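A.B. asks: Before I ask anything, let me first share the structure, which is written out below as structure tokens.
Rule-based calculations on the coordinates, nothing more; no lab input. As the structure is a prediction and not an experimental result, all values here were calculated from the model. No Cβ is skipped: glycine too gets one built from the backbone with ideal geometry, and neighbour counts run over all protein chains shown.
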């Protein structure tokens, strides 16, 4: 009946990572969970236990089911879930969800997908990490094919797979992935905003008002192309020797990176891993954002830098391809065109008025990318998946728990 409110869903969300872990998947998933709860849905979050003191949270419309996990090699701050199919079968037979939403493809995600298929529960998955693209950065390029086949076999067992950009969905379709949907990402333009600029922070960087500061926020890992950041910074210094570079993040390359920087100018600072207001202040206190990663499914940091009013330089790929208009809201280099990227970096310090205009254009574009729009898209896809998999239309049936 027209005007009848749709009923709430009971959604089991399965992920290998969640705050307080700091990474793009954890951060954006937490926003999605909050958004779904705000829309009245009942969330059961399945994730690895993050340490001995970690306890399951139980609130109205929200409960956690913690499973055993182990640390990921070279990423001691993160854990991966162990297989838990039996435990999930027991839990979901006792309290059956309307939908299982699997966010990551680790052992816990595979267990959830398998258990849901046994029980006939509809499944939606996210494609969030280009594992197949990472292989060449770790000297095992021959694994790209097998990893793609493995990912395809996982996602094609689901009723729908959500990709964050149209370009990514098209690439996956060419590789044989099925039932693809596009659900983008948003940005908190109140948290990431130019008024968070901190002159005292800039002074600690040795940067006065007119000294350009380049920023890179990234995991310190081979697939993130950090050597290109350093080469771009050197090109910027050739034009403006006083330029500063701030690196925010952590990862398996951190010690190697610090050793490489030991002989560099003190103009390069490694700020470590940051979140929330500290991260927002670092964005807003810089002038240029350098992001040469070529292995992203999206790249949330691109939108955060845009919202912070920075002149963004990235490859024409992922979030940058989707949301940046070249020379209006940022500068784009063709994918893997290292020389073009470096030349654009020099341009940004050679032409400060251009950098300022790009930052203004980036902010204006980011203001249109709020999470409310994304949450409406996500909710619609989850409802459609839960309904279509049963061959029924979800309506205003049973009252929410």
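A.B. asks: Fewest to most neighbouring Cβ within 10 Å: what's the order for 372, 231?
C.D. replies: Fewest to most other Cβ atoms nearby, the residues stand as 372, 231.
A.B. asks: Quick check on the exposure proxy: order 216, 160 from fewest to most C-beta atoms within 10 angstrom. Don't jump to the answer; show the numbers that get you there.
C.D. replies: Numbers: 216 27, 160 21.
Result, fewest neighbours first: 160, 216.
A.B. asks: Mind telling me which of 49, 61, 203 comes out most flexible in a GNM of the chain, alpha-carbon contacts under 10 Å?
C.D. replies: Answer for the Gaussian network model of the chain: 203.
A.B. asks: Still on this structure, please answer the following. So what is the relative contact order for the chain, in percent, with contacts set as C-alpha pairs under 8 Å and at least six apart? Working shown, then result.
C.D. replies: Numbers: 783 pairs, mean separation 66.5, N = 401.
Dividing the mean separation by the residue count of the chain yields 17 percent.
A.B. asks: Here's a follow-up. Counting each DSSP H run of 4 or more residues in the chain as -39500 (n - 2.57), what helix-only mean residue ellipticity at 222 nm follows after dividing by all residues, to the nearest 500 deg cm²/dmol?
C.D. replies: Mean residue ellipticity at 222 nm (helix-derived): -12000 deg cm²/dmol.
A.B. asks: While we're here: Please find, in a Gaussian network model of the chain (springs between Cα atoms separated by less than 10 Å), the residue of 114, 94, 293 whose mean-square fluctuation is greatest.
C.D. replies: Checking each option, the largest mean-square fluctuation is seen for 94.
A.B. asks: Continuing with this model, one more query. Could you compute the FRET efficiency for residue 259 and residue 72, with r as their C-beta to C-beta distance and R0 at 25 Å, rounded to 0.05?
C.D. replies: Values: r = 23 Å, r/R0 = 0.92.
The computed FRET efficiency comes out at 0.65.
A.B. asks: Still on this model: Tell me, in nm to one decimal, what length is gained between residue 211 and residue 156 on full extension, where the rule is 0.36 nm per residue of separation less the Cα-Cα distance?
C.D. replies: Taking residue 211 through residue 156 to full extension adds about 14.7 nm, to one decimal.
A.B. asks: While we're looking at this one, here's another question. Please give, to one decimal in nm, the separation of the simple spin-label points placed at residue 325 and residue 93, each 7 Å out from Cα toward the Cβ.
C.D. replies: Output for this residue pair reads 5.7 nm.
A.B. asks: Something else now. How many percent of DSSP beta bridges within region 194-366 run antiparallel, rounded to 5?
C.D. replies: 0 percent
A.B. asks: For the Cα atoms of the chain, what angle does the longest principal axis make with the long axis of helix 352-366, in degrees from 0 to 90, nearest 10?
C.D. replies: Roughly 10 degrees between the two axes.
A.B. asks: Taking other Cβ within 10 Å of each residue's Cβ, how do 253, 168 sort, fewest first?
C.D. replies: Values: 253 19, 168 23.
Arranged by neighbour count, lowest to highest, 253, 168 become 253, 168.
A.B. asks: What FRET efficiency comes out for the pair residue 118/residue 147, r = Cβ-Cβ distance, R0 = 25 Å, nearest 0.05?
C.D. replies: Working: r = 26 Å, r/R0 = 1.02.
With a Förster radius of 25 Å, E is 0.45.
A.B. asks: Also: May I ask for the angle, rounded to the nearest 10°, between helix 24-38 and the longest principal axis of the chain, with both axes built from Cα atoms and the value confined to 0 to 90°?
C.D. replies: So the inclination is approximately 50 degrees.
A.B. asks: Rounded to two decimals, what is Rg over Rh for region 194-366 when you use alpha-carbon atoms and the Kirkwood radius?
C.D. replies: 0.92
A.B. asks: Which residues in region 213-257 have a backbone N closer than 16 Å to a point placed 7 Å from the Cα of residue 191 along the Cα-to-Cβ line?
C.D. replies: Within reach of a label on residue 191: 217-218, 249.
A.B. asks: Moving on. Mind running the shape call on the chain? Use the C-alpha gyration tensor, a ≥ b ≥ c as the square roots of the eigenvalues: rounded below 1.5 for a/c, prolate if a/b tops b/c, oblate otherwise.
C.D. replies: Judged from the Cα gyration tensor, the chain comes out prolate (a/c at least 1.5, a/b above b/c).
A.B. asks: Let me ask another. Of the candidates 112, 124, 380, which one comes out as most mobile in a Gaussian network treatment of the chain with C-alpha springs shorter than 10 Å?
C.D. replies: Its mean-square fluctuation being the largest, the pick is 380.
A.B. asks: On full extension of the chain, what length is gained from residue 170 through residue 336, given 0.36 nm per residue of separation minus the C-alpha to C-alpha distance?
C.D. replies: Residue separation times 0.36 nm, minus the Cα-Cα distance, leaves 57.8 nm.
A.B. asks: Among DSSP bridges having both ends in the chain, what percentage is antiparallel? Round to the nearest 5.
C.D. replies: Just about 10 percent of them are antiparallel.
A.B. asks: Next up: Does anyone have the angle between helix 144-155 and the longest principal axis of the chain? Alpha-carbon axes, 0 to 90°, nearest 10?
C.D. replies: 40 degrees
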